[in-house]
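S.K.: The structure under discussion is supplied below as structure tokens; questions concerning it will follow.
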Amino acid sequence: TGSSRPQRMLKAVQKNATKGDPQSVISAIDHYCRHKEWAMNVGDDKGLILDSVLTEVNPSTALELGTYCGYSTVRIARLLSPGSKLFTVEFNPAFAEVARQIIAYAGLQDKVTLVEGSSGDLIPKMKEQFGIKYFDFVFLDHWKDRYVPDTKLLEDCGLLKKGSVLLADNVICPGAPEYLKYVRNSPRYESRYYKSNLEYTKVEDGLEKSVFLG
Ligand SMILES: O=C(NC/C=C/[C@H]1OC[C@H](O)[C@@H]1O)c1cc([N+](=O)[O-])cc(O)c1O
Ligand SMILES: [Mg+2]
């Protein structure tokens, strides 16, 4: 059987990026996905918004739901201050395997803990398993129908504190309508929409940033 799209993406990184240089890994993936084959990375347009929100929050402990191949994992981890940590959750073992290699190629493995499994199972275990008190920043990019249940789980497990920032991908395309309703109508969040486009296309998409008010 042939290679998978994530495996071809990894090959493109190994061929075109410089080991230990996160920006070259990001550029190699963006070039491959724009010119060779599309893939569901947050991409370079929405990636710039992710970068600016991440830099503003400067989290000590961050969480990513939906690692896929590790593109946004690299984008986030490269901007973390020394001693800060990123936990990333991926359900699909094949995706997780590729992501580990891409994260390591970027030289960011010491800042990242990739946890394999379902977010619904793992979130309740994070405090005890990893000694986490709170997440200052959460990037939601996994199954769109898990955004609401997992946000509620983070609240119920006491993993959000006043000022914690949630940033959700794909709120327009493929869309997360229930999530938008939830964060925009809840008195516990202050939300705003960053308009952009679906990765590597001209289709509208955007990121929703929601600050937890406690
Ligand atoms: O389904 C998407 N993401 C969810 C990922 C889903 C999960 O599927 C299995 C694995 O656990 C992965 O994490 C998605 C889909 C599109 N799209 O255009 O279809 C664009 C995006 O940016 C996306 O994040
Ligand atoms: Mg996405």
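S.K.: Taking into account only those residues within segment 35-47 that are within 20 Å of residue 195 (Cα to Cα) and charged (D, E, K, R), which is surrounded by the most Cβ atoms within 10 Å (Cβ to Cβ)?
M.R.: 46
S.K.: While we're looking at this one, here's another question. With the requirement that a residue be free of Cβ contacts under 8 Å to residues at least 60 places away in the same chain, away from ligand 1 (no atom under 15 Å from the Cβ) and out of contact with any helix residue (DSSP H, G or I) (no Cβ under 9 Å at 6 or more places or on another chain), what does segment 127-173 give you?
M.R.: 127, 128, 130, 131, 155, 161, 162
S.K.: Would you point out which residue out of 13, 74, 89 is away from ligand 2 (no atom under 16 Å from the Cβ), buried (at least 18 other Cβ atoms within 10 Å of the Cβ) and of a type in the set (Val, Ile, Thr)?
M.R.: 13
S.K.: Which residues, taken from segment 133-146, are in a loop (DSSP other than H, G, I, E, B) and within 16 Å of ligand 2 (Cβ to nearest atom)?
M.R.: Listed by number, the residues that qualify are 141, 142, 143.
S.K.: Follow-up. Of all residues being of a type outside the set (A, V, I, L, M) and without any contact (Cβ under 8 Å) to a residue 24 or more places away in the chain in segment 98-120, which is nearest to residue 67 (Cα to Cα)? Just the residue, please.
M.R.: The qualifying residue nearest to residue 67 (Cα to Cα) is 109.
S.K.: Does residue 130 satisfy the criteria of being over 24 Å from residue 185 (Cα atoms), over 13 Å from the mean Cα position of the chain (by Cα) and either within 16 Å of ligand 2 (Cβ to nearest atom) or of a type in the set (A, V, I, L, M) (or both)?
M.R.: No, not satisfied.
S.K.: Further question: Restricting attention to segment 21-52, which residues are touching a Phe, Trp or Tyr at 6+ places or on another chain (Cβ under 8 Å) and more than 16 Å from ligand 1 (Cβ to nearest atom)?
M.R.: 25
S.K.: Okay, moving on. In this structure, does residue 60 turn out to be within 12 Å of ligand 1 (Cβ to nearest atom) and closer than 22 Å to residue 150 by Cα?
M.R.: no
S.K.: Within segment 190-205, which residues are part of a strand (DSSP E or B) and within 11 Å of ligand 2 (Cβ to nearest atom)?
M.R.: 205
S.K.: Here is a further query. From the residues in segment 147-189 that are aliphatic (A, V, I, L, M) and assigned to a loop (DSSP other than H, G, I, E, B), which one is farthest from ligand 2 (Cβ to nearest atom)?
M.R.: 159
S.K.: Mind checking which pairs have a first residue in segment 86-97 that is in contact (Cβ under 8 Å) with a residue 60 or more places away in the chain and a second that is assigned to a helix (DSSP H, G or I) and buried (at least 19 other Cβ atoms within 10 Å of the Cβ), Cβ under 8 Å, 6 or more apart or different chains?
M.R.: 94/6; 95/6
All of the numbers you see were taken from the coordinates with simple rules; none came from a lab. Computed from a predicted model, the values in this text were never measured in an experiment. Reconstructed Cβ throughout: ideal geometry from the backbone, glycine too, with neighbour counts over all protein chains shown.
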